[in-house]
Structures are given as structure tokens and as C-alpha cells.
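Here is the structure we will look at.
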Amino acid sequence: MDLAFVLGVAALLVLGGFLTYNTLIARKNQVDNAYGAVEAYLKKRHDLIPNLVEAVKRYMAHERELLERLVELRERAKEAEGKGPEEAFRLEGELSRLLAQVRLRAEAYPDLKASQNFLQLQAALTEVEDSLAAARRFYNQAVTDYNNAIEQIPGRFLAPLMGLGRKPVFTIPEEERETPDLGKLFA
């Protein structure tokens with residue numbers, strides 16, 4: 001074999017390694033950036049929950065257990081901030097389910113629905129939820145691109161050497177996909 005040919009192949013392999021390395025790092029950074037946006041909206045939502053509980057507890061005295069669970073779950077979700085997506089996403093799914101229950105049960109309290117404070121909080125929460133949904137879509141797309149990059153050749157060979165593994169997507173809990181059973185909710 002000709003030395004120039006061997007050097008040319010070696011140079012192409014090294015160049016391919018550099019390009020793959022840079023691509024994997026860019027994808028990883030994109031996931032980290034997207035997760036930061038998700039965390040920011042989760043924090044905004046966490047900050048709104050105590051105000052929501054204060055606004056509704058006077059009207060929803062019979063829903064005390066639900067409100068206590070909401071506050072307790074919010075605290076657990078705040079403790080999970082910065083600890084990685086798996087636990088945070090699980091807790092956020094539960095939190096979303098409880099927030100949906102509070103909103104549905106509020107329908108049974110006309111005075112609460114007429115409260116300006118509650119209406120403002122509900123509007124703020126809806127805005128945060130919409131922003132969170134957009135951030136979640138961006139995060140999931142970044143994770144999909146990243147996971148594809150580390151599972152396809154040549155990334156499949158380089159990713160383990162770099163200590164890179166699959167990242168989880170932010171899925172919607174099964175309970176949120178189903179239409180709530182209002183009979184059970186108000187029983």
C-alpha cells in the first residue's frame with residue numbers, strides 16, 4: 001500500500017472523529033439548553049402554586065386534602081430542581097394532574113370563579129403552562145436529535161468514549177391524556 005493512501009485514510013478518520021465529536025457536543029449542549037428553559041418555566045409554575053392555593057382555600061374548604069397534596073408535591077418538585085430530568089419529569093406529571101383537578105373542582109364554586117384574584121392566577125398559570133408546553137416540545141426535539149446522533153454511526157462508536165448516553169424525553173402522564181371522569185372527581 002502506498003504511504004500517501006494510508007495517511008489520507010488516517011486523516012479522513014481523524015477528521016471524521018473531530019466532526020462527530022463536535023456534533024455530539026453541540027447536540028448535548030442543545031439538550032442542556034432546552035432543559036434549562038423547561039426548568040425556568042417549571043420554577044415559574046412552582047412559584048404560582050402557593051398563590052393559587054391561598055386564593056382557593058377560602059372557597060374550597062372541602063378540598064383541603066387536594067390542596068395539601070398540591071403543596072406537598074410542589075415542595076418535592078422544588079427539591080428535585082437541578083437533580084436531572086427523570087425525577088423532575090415524574091413529579092411534574094403528578095403536579096400537572098393535581099393542578100388539573102384543582103381547576104376542574106373550581107368549576108363547582110361560583111364565588112371562586114368570579115374572584116378577580118383567582119381569574120388572574122388562572123390566566124398566569126395558563127400562560128406558564130402554554131410556555132412550558134412549547135419548551136417541552138423544544139426539549140423533546142433536542143433530545144430526539146441527540147439520541148439519534150449517539151445511536152447512529154459514527155456517533156455510536158464515539159459516544160460511549162465520551163461518556164454520553166440516552167436522555168429521557170418529557171412525556172405527558174397517561175392521566176393527562178385521558179378526559180377526566182367528572183363523576184369521580186366530584187364524588
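FYI, it's all coordinate maths here, none of it is from the lab. It should be emphasised that the depicted structure is a prediction, and the values quoted were computed from it without experimental measurement. In this analysis, Cβ positions are derived from the backbone assuming ideal geometry, glycine residues included, and neighbour counts consider all displayed protein chains.
Some notes on this structure:
- Members of region 10-29 that are buried (at least 18 other Cβ atoms within 10 Å of the Cβ) and either of a type in the set (S, T, N, Q) or not in a helix (DSSP H, G or I) (or both): 20
- The single condition among (1) of a type in the set (D, E, K, R); (2) closer than 22 Å to residue 32 by Cβ; (3) free of Cβ contacts under 8 Å to residues at least 60 places away in the same chain that residue 145 does not meet is (3).
- Checking each residue in region 102-127 for being surrounded by fewer than 18 Cβ atoms within 10 Å (Cβ to Cβ), touching a residue at least 40 places away in the same chain (Cβ under 8 Å) and within 25 Å of the chain's Cα centre (by Cα) picks out 104, 124.
- When 36, 82 are screened for being closer than 27 Å to residue 139 by Cα and part of a helix (DSSP H, G or I), only 36 passes.
- Count - residues of region 71-89 that are crowded, with 16+ Cβ neighbours inside 10 Å and farther than 12 Å from residue 49 by Cβ: 4
- Residue list for region 98-131, filter: among the aromatic types (Phe, Trp, Tyr) and under 27 Å from residue 38 (Cα atoms): 118
- On inspection, residue 45 qualifies as basic (Lys, Arg) and within 21 Å of residue 133 (Cβ to Cβ).
- Number of residues in region 58-79 that are free of Cβ contacts under 8 Å to residues at least 40 places away in the same chain and not in a helix (DSSP H, G or I): the value is 1.
- Members of region 143-170 found to be over 30 Å from residue 41 (Cα atoms) and in a loop (DSSP other than H, G, I, E, B), listed by number: 152, 153, 154
- Within region 34-67, the set of residues being under 21 Å from residue 115 (Cβ atoms) and β-branched (Val, Ile, Thr) comprises 49, 53, 56.
- Candidates are the residues of region 56-80 that are within 26 Å of the chain's Cα centre (by Cα) and of a type in the set (Gly, Ala, Ser); the one that is nearest to residue 101 (Cα to Cα) is 77.
- Positions within region 1-57 being without any contact (Cβ under 8 Å) to a residue 40 or more places away in the chain, acidic (Asp, Glu) and over 23 Å from residue 158 (Cα atoms), in sequence order: 2, 47, 54
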